[in-house]
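Down below is the structure, laid out as structure tokens.
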Amino acid sequence: MTPRATPMSPDDRRAAIVSAAAPLYAEQGGRVTTKQIAEAAGIAEGTIFRVFTDKRALLMAVAEQTINPPGGSEQMAAALAALPDLRAKVEATIRQVAARMESVMQVMVALRSEVLASGSLIEKGAVPPGPPPFVQEANQRLLDSLRDHVFAPHADDLRVPPAEAALLLRSLVFGHWHPGMHPAERKLSPEQIADAILLGVTERKDA
């Protein structure tokens, strides 16, 4: 029997569908079907298309939540607050950002496939060229969080501004964990990346 959706406001229904779809896309990428999403959300498949115009619109919403989750900066601050020193914070941050990147890449690959499958939408202007604005916003928020929560509390131990240290950390993690850059067995550990970062940004005590 087809499940009957519990009455919700459009915004709540949208959020519930995105929350159900996000882990599916993170695990399976573009293989996810709207039937699977509906089952995960406990709704009829048609309910999805009363909230989203098409699958691409749903994927965009999933991508935005995955790359720029609500409260992400606050969660980072809370997770780092109890850690004893800069090294511990850097290593924990590397693990957190890398895990999010893996989920984001699955969703973005699925989104790209959906856009390509939609024919000439880009040429017609229905799909703007370049990354969606929320991607740029998420990158800036991440940089701000790295600056404020990882490096700024230890500014006296740095030989570069916290913002520059944040950019170095983000660049290393993004470049290293980007799909296809390295075979899995050749990836550096968070500890190795932390060494590279900290030896480059901490003040030499023996100088």
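Values quoted throughout were computed directly from the atomic coordinates according to the rules given, and no laboratory measurement underlies them. Not measured: the values here are computed from a predicted model. When we count neighbours, we look across all protein chains shown, and the Cβ atoms used for this are built from the backbone with ideal geometry, even at glycine.
Quick notes on this structure:
- Reach of residue 187 by Cα under 17 Å, taken over aspartates and glutamates that are not fewer than 8 positions away in the same chain: 91, 102, 195
- Contour excess over end-to-end distance, with Cα ends at residue 196 and residue 98 and 0.36 nm allotted per residue: 33.7 nm
- Here the extension length gained between residue 74 and residue 44 equals 7.3 nm, from 0.36 nm per residue of separation less the Cα-Cα distance.
- Close amide H contacts of residue 158 (hydrogens built in the peptide plane, cut-off under 5 Å, sequence separation of 5 or more or a different chain): 203.
- Protection-proxy order for peptides 133-139, 69-75, each taking the mean of Cβ atoms within 10 Å per residue, highest first: 133-139, 69-75
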